[in-house]
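Shown next, in structure tokens, is the structure this report addresses.
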Amino acid sequence: MSSIKSFFSVFLPNKEYKFLPLIQSIGERAVLAAELFSQLISETDQSKREDLYAKVKALETECDIIEVQVFDELNGNFVAPFDREDIHQLCNMLDDVVDLINGSAKKTMLYQPQSMPNKAMHMAEIILEGAKAIRIALNEFKTMSKSPENVLEQCKKLHDLEHEGDDVYDNFVKELFETESNPIELVKIKEIMGEMERATDKANSVGKTLQTIIVKYA
Amino acid sequence: MSSIKSFFSVFLPNKEYKFLPLIQSIGERAVLAAELFSQLISETDQSKREDLYAKVKALETECDIIEVQVFDELNGNFVAPFDREDIHQLCNMLDDVVDLINGSAKKTMLYQPQSMPNKAMHMAEIILEGAKAIRIALNEFKTMSKSPENVLEQCKKLHDLEHEGDDVYDNFVKELFETESNPIELVKIKEIMGEMERATDKANSVGKTLQTIIVKYA
Amino acid sequence: MSSIKSFFSVFLPNKEYKFLPLIQSIGERAVLAAELFSQLISETDQSKREDLYAKVKALETECDIIEVQVFDELNGNFVAPFDREDIHQLCNMLDDVVDLINGSAKKTMLYQPQSMPNKAMHMAEIILEGAKAIRIALNEFKTMSKSPENVLEQCKKLHDLEHEGDDVYDNFVKELFETESNPIELVKIKEIMGEMERATDKANSVGKTLQTIIVKYA
């Protein structure tokens, strides 16, 4: 990794990037949204579900606004050593994660499942852990030069969480097929869990995008 | 945006790109396919559904052929100020949109739902609006130097349409869970609506790709 | 294609890339996994299904390890004429294909469908053909300079296989809606077939990535 270190160290320590706090603030909101969603998924009172969803939705709307700010910031500004399009790509991926957390919250609120199984709580925790890993990685972004290992450790974590999410989803659906006699309730819960599983996939895509950026500038 | 203007203006006004009319003709076909699909979705006569699907399929096949022509055109030809791979990426995304409109039409024709709910018509309109936004953006492609705002306006529209598509889909499925007592009919209609929702997602991906191109060459 | 030839020929014949045998070994494992999955899908004995899945899973784990090796190999090493990030992207896509074959095997093993329909066998064959096309393309990677046509032929094949996979899936689901009276069994088989269909999609994405690499360096 010495080549990464030597390359980045020329540029990064002496320069602040305006896009970075913006992107980090999307990471913060991903964690907040995942925390609210964890509460929502264990909530059975519909009006409380609606309140929690409204808060998630507000975060998602803020992220859309921040994404436009990142776009404006990248446009025409030098962001060396990175290529602007890579930062834009990363920002798109982050936004997708927040969209999918929002989607999971919305589906839970709208479809009103009688109760969510314990495995849904497990999945919500995986999403929250993923959001936290993304937040750490983004906070280490500027020091990738000195310690790319820290970012790579979070990428590894996101990869492992995606595999764990796959396992939880598949075992959950297996149980659902065995125990849920109401097919409509089955489809409903499967739809919510599927959206959650996609959120863990997309969190891993953020990790892959970070790895590609590291490889590109290595 | 002045930097975009100054950069593009050096290259674009004096040069024709052979790939551009090809890509624009995919945009045209996306609109035609979306129009035919709108008719199909409100059609209950199976033989008319089959006729309409055959027309959508023919457009999709034409787009596959055009995509190969774009590939051949890009290969070895200078397409400055763009990198060839960005145009190829954009073309791939466009083709995906047409594929998903075709997929929505095929599923409707094959699965033969008794009737499609009003919300399906709404979704078909969102897809059509998205295809039109893509067509406008592609027609503005050459003048992105003078007015990137026009392309960005369509990107914003594609983003909003995707969110609208999400809402229509989620509320539609919510209603379906409440009103459709036949689980097999429920899964059938949900499958068709899901493909339509993916078409609005992919249309937004075209917008994101256009934004990344703008950022890259800003 | 003469420009591709002249460009690549400067670099490739005299140089070995350490990343290439690694990536090729992922291609080999994709074929092995697809072969095991073909056996699994026609197997009705649950303990044999579990044995076969364990073998697929072992291949998937090996691919994850190889992917890390590719990452380490790319980092800081010159891999001209390619940009490191393109090889990383290709490797990510390959890994996704193996993940989806593994996912298809896992779902079949876990959900324990009473029997899989003939169309599932057809789909497994499409996946296997796709894995073989990927293997050929990767083995031709180094000689893309002399004969890009060979790689492009495999890309075309992957595209056609994806379309064939779509058709098989849609016609299969159509039949399922007509003949399967147990909605839970319907959802179960549809879930497995959906994962298989995604594997053919992702195999086509490998083809598109290869085409983008060809276009970029043409």
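Laid out as a table, the results:
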quantity	calculated
Scope the stretch A:182-212; condition at the interface with another protein chain (Cβ under 8 Å from one of its Cβ atoms) and either in contact with a Ser or Thr (Cβ under 8 Å, 6 or more places away or on another chain) or of a type outside the set (Lys, Arg) (or both); matching residues	A:183, A:184, A:186, A:187, A:191, A:211, A:212
Residue check, residue C:128 facing chain A (nearest Cβ under 9 Å), within 30 Å of residue C:45 (Cβ to Cβ) and among the hydrophobic types (A, V, I, L, M, F, W, C)	no
Any hit, the stretch C:147-155, residues being buried (at least 21 other Cβ atoms within 10 Å of the Cβ), away from every other protein chain (no Cβ under 11 Å) and touching a Lys or Arg at 6+ places or on another chain (Cβ under 7 Å)	no
Residue in the stretch C:107-116 that is touching a helix residue (DSSP H, G or I) at 6+ places or on another chain (Cβ under 7 Å) and small (Gly, Ala, Ser) present	no
Residues that are more than 18 Å from residue A:91 (Cα to Cα) and of a type in the set (Val, Ile, Thr), drawn from the stretch B:175-218	B:179, B:184, B:187, B:189, B:192, B:200
Search result, residues across the stretch B:196-215 that are crowded, with 19+ Cβ neighbours inside 10 Å and farther than 30 Å from residue A:73 by Cβ	B:196, B:197, B:199
Condition check for residue C:166: within 11 Å of another protein chain (Cβ to nearest Cβ), over 27 Å from residue C:25 (Cα atoms) and modelled with pLDDT of 95 or more	yes
Evaluation of residue B:81 against (1) over 30 Å from residue B:170 (Cα atoms); (2) away from chain C (no Cβ under 14 Å); (3) not in a loop (DSSP other than H, G, I, E, B) (one fails), failing number	(3)
Residues of the stretch B:143-155 that turn out to be modelled with pLDDT of 85 or more and within 17 Å of residue B:90 (Cα to Cα), as a count	5
In the stretch B:178-209, the residues that are of a type in the set (A, V, I, L, M, F, W, C) and under 13 Å from the mean Cα position of the chain (by Cα)	B:196, B:199, B:203, B:206
Boolean, residue B:7 is within 14 Å of chain A (Cβ to nearest Cβ), modelled with pLDDT under 95 and surrounded by fewer than 20 Cβ atoms within 10 Å (Cβ to Cβ)	yes
Residue C:184 being surrounded by fewer than 23 Cβ atoms within 10 Å (Cβ to Cβ) and closer than 19 Å to residue B:190 by Cβ	yes
Odd one out for residue A:87, checked against (1) closer than 18 Å to residue A:199 by Cβ; (2) in contact (Cβ under 8 Å) with a residue 60 or more places away in the chain	(1)
Qualifying residue in the stretch B:138-148 (condition: among the acidic types (Asp, Glu) and within 24 Å of residue A:68 (Cα to Cα))	yes
From the options A:98, A:68, residue that is of a type outside the set (Asp, Glu) and crowded, with 20+ Cβ neighbours inside 10 Å	A:98
Test: residue in the stretch B:57-79 that is among the aromatic types (Phe, Trp, Tyr), within 21 Å of the chain's Cα centre (by Cα) and at pLDDT 95 or above	no
Long-range neighbours under 9 Å by Cβ, at least six apart or interchain, first residue touching a residue at least 40 places away in the same chain (Cβ under 8 Å) within the stretch C:189-218, second small (Gly, Ala, Ser) and outside any helix (DSSP H, G or I)	C:218/B:76
Residues of the stretch A:96-113 that turn out to be touching a Cys at 6+ places or on another chain (Cβ under 7 Å) and assigned to a loop (DSSP other than H, G, I, E, B), as a count	0
Among the residues listed as B:139, B:118, B:171, the single one being surrounded by fewer than 17 Cβ atoms within 10 Å (Cβ to Cβ), away from chain A (no Cβ under 13 Å) and within 22 Å of residue B:202 (Cβ to Cβ)	B:139
Filter result (modelled with pLDDT of 95 or more and outside any helix (DSSP H, G or I)) within the stretch A:15-55	none
The stretch A:43-74: number of residues that are touching a residue at least 24 places away in the same chain (Cβ under 8 Å), closer than 30 Å to residue B:215 by Cα, of a type in the set (A, V, I, L, M, F, W, C) and out of contact with any Ser or Thr (no Cβ under 7 Å at 6 or more places or on another chain)	5
Residue check for residue C:216: among the basic types (Lys, Arg), farther than 20 Å from residue B:191 by Cα and facing chain B (nearest Cβ under 9 Å)	yes
Number of positions in the stretch A:139-177 that are under 22 Å from residue A:196 (Cα atoms) and under 20 Å from the mean Cα position of the chain (by Cα)	16
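The values are calculated or read from the model by the stated rules, or taken from the named source; none is laboratory data. Keep in mind that what you see is a predicted model, and the values were worked out from it rather than measured. Counting neighbours? That spans all protein chains shown, and the Cβs are built from the backbone with ideal geometry, glycine included.
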